[in-house]
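Notes for the one structure printed next.
The values are calculated or read from the model by the stated rules, or taken from the named source; none is laboratory data. These numbers were taken from a predicted model, which means no experiment stands behind them. Every residue, glycine among them, receives a Cβ derived from its backbone with ideal geometry; neighbour counts consider all protein chains shown.
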There are 2 protein chains.
Amino acid sequence: MSALADSAMRQLDDIDVGKALILEAAAECFMEAGFNATSIDDVAARLGATKGRVYHYYRSKADLFFDVHRTGMQINLGTIGPIAGQHGDPVAKLNRMCRSHLYNMLHSLSFQRVVMQGVEMHMAGRTTPKEREKLALLMDEREQYELFFQKTLVEGRQSGVFRFENPSFASKAVLAILNNPVIWYQKRKGESDAGRLAIIDQFTRFAMQCVCSSTDPINETGVSDV
Amino acid sequence: MSALADSAMRQLDDIDVGKALILEAAAECFMEAGFNATSIDDVAARLGATKGRVYHYYRSKADLFFDVHRTGMQINLGTIGPIAGQHGDPVAKLNRMCRSHLYNMLHSLSFQRVVMQGVEMHMAGRTTPKEREKLALLMDEREQYELFFQKTLVEGRQSGVFRFENPSFASKAVLAILNNPVIWYQKRKGESDAGRLAIIDQFTRFAMQCVCSSTDPINETGVSDV
DNA sequence: TTGACAACATACCCGGTAGTATGTACCCAT
DNA sequence: ATGGGTACATACTACCGGGTATGTTGTCAA
């Protein structure tokens, strides 16, 4: 590897690190106060910096929000996508998906709150067409994610283990439960893994049971990869 | 009734009507754009009026938001409270509660969206202590509402028809499902009662099944009072 | 008829914030 | 050493929107 390439690599790294720090700070600000109530100065202040630093990497506040949203969705798609692609028992698969989803919710909380804000479109309406375009892309990702669950649910319905009428409604109900902890969960000082595990266990059960056609106790020990 | 009292009554009525119109306009604005992105001018413009009219009835934007929120919660508490107080089969009772709740969600959509905004506390953090106080009151109402469901759920657990570990988690899961349509439902021109009924039926089933210990088909014809 | 009050509209102030223009220190290849 | 680019900080502008102060019009009671 040439010195030039090496240098280029290092610079690229710096940009990524610079972006990543801003991204994280922005995610926490947006989580705490929402998009509109967060100023660029707030984000910069959290890094002990000034606006200049933020605007060096992002052209606008909306761009920053989009990137935070996108990062959150990438985390989710990256973990659930591979699982949804697997073959096998739909119950076991949905179980893994639920647990992984909940794991992500609890461990990248700030990003996930921003994702929810985007879904509720608290910024839609008064935005430029350019921003509209990007927002539509984010919504596509969101829909794609929901389709992963829908697909698995329909598989299970065909094999008789799941029961529901409208697949869209079913996936929305499942995700409503799985997303719920994002609203009220907050990181504590004495972050107990046990506490998080209890949330994952119980909400996975709620989510699966609401579409299950039988009360066979869902195999709760079948998944340990989270 | 004296002429004076009559006049007083009429004036009181006018105040109520005046407030009600502003309240409705505000609910729709908040629903569409969120608290921060909504200006008082927006609310006034929706009525074909100006700021003066709004500030004649409300002292601040926060006050207006609180009133919208409170109105939404009163609708909910007023319908679910009496049902929760009834004795009898917890399954049938929860069924009625779910259906009534969903009915309210679909029929006072704008107010319910504002309630959700309050819950997510997009305004918390950068508010005055005075506002904090009022916000706390709203949260109390919200918690009281959740307790209606929790109480019924625990009743059912004692009689063996419901099954869950943590009552708080269970009520949150149930309400997560019941509140979900608020996010994506939108009034159409050809508002079909059938469409709304399908939502009520299916989401009630999801909500109840996620805490039910048996798969006895939930008596779907047992409730017709909605 | 008149005065008092309600129900607004108009005009204005002012703080906060998105975005920009510019400066500066530092690194690095040549 | 030097010129150029990166990674910021500083200083400034422009505007939006919450809140207020002040008019204007109609209504009703005395």
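A few comments on the model shown:
- In the stretch B:1-31, the residues that are at pLDDT 90 or above and away from DNA strand D (no atom under 12 Å from the Cβ): B:Lys19, B:Ala20, B:Leu21, B:Ile22, B:Leu23, B:Glu24, B:Ala25, B:Ala27, B:Glu28, B:Met31
- Cβ-Cβ under 6 Å pairs, at least 6 apart or on other chains, the stretch A:196-215 side under 22 Å from B:Arg205 (Cα atoms), far side of a type in the set (Lys, Arg) and modelled with pLDDT of 95 or more: A:Thr204/A:Arg99; A:Ser213/A:Arg163
- The set of residues in the stretch B:24-64 being more than 10 Å from DNA strand C (Cβ to nearest atom), more than 14 Å from every other protein chain (Cβ to nearest Cβ) and among the small types (Gly, Ala, Ser) consists of B:Ala25, B:Ala26, B:Ala27, B:Ser60.
- Hits in the stretch B:47-68 - residues which are more than 24 Å from the chain's Cα centre (by Cα) and in a helix (DSSP H, G or I): B:Lys51, B:Gly52, B:Arg53, B:Tyr55, B:His56
- Of everything in the stretch A:152-175 that is at the interface with another protein chain (Cβ under 9 Å from one of its Cβ atoms) and touching a Leu at 6+ places or on another chain (Cβ under 9 Å), the residue that is nearest to B:Asn166 (Cα to Cα) is A:Val174.
- Some residue of the stretch A:165-172 being out of contact with any strand residue (DSSP E or B) (no Cβ under 6 Å at 6 or more places or on another chain), of a type in the set (Phe, Trp, Tyr), over 17 Å from A:Ile80 (Cα atoms) and free of Cβ contacts under 8 Å to residues at least 24 places away in the same chain: yes
- Boolean, A:Gly34 is more than 14 Å from the chain's Cα centre (by Cα) and crowded, with 20+ Cβ neighbours inside 10 Å: yes
- Residue that is nearest to A:His69 (Cα to Cα) [pool: residues in the stretch A:125-145 that are surrounded by 15 or more Cβ atoms within 10 Å (Cβ to Cβ) and within 16 Å of DNA strand D (Cβ to nearest atom)]: A:Glu131
- Any hit, the stretch A:165-177, residues being outside any helix (DSSP H, G or I) and within 22 Å of B:Ile199 (Cα to Cα): yes
- Here A:Met105 meets the list (1) surrounded by fewer than 20 Cβ atoms within 10 Å (Cβ to Cβ); (2) out of contact with any Gly (no Cβ under 8 Å at 6 or more places or on another chain) almost entirely, failing just condition (1).
- Single unsatisfied condition, B:Phe148 versus (1) away from chain A (no Cβ under 14 Å); (2) within 16 Å of DNA strand D (Cβ to nearest atom); (3) surrounded by 13 or more Cβ atoms within 10 Å (Cβ to Cβ): (2)
- Just one of the listed residues (A:Ala84, A:Ala44) is at pLDDT 95 or above, in a helix (DSSP H, G or I), within 13 Å of DNA strand D (Cβ to nearest atom) and surrounded by 12 or more Cβ atoms within 10 Å (Cβ to Cβ), namely A:Ala44.
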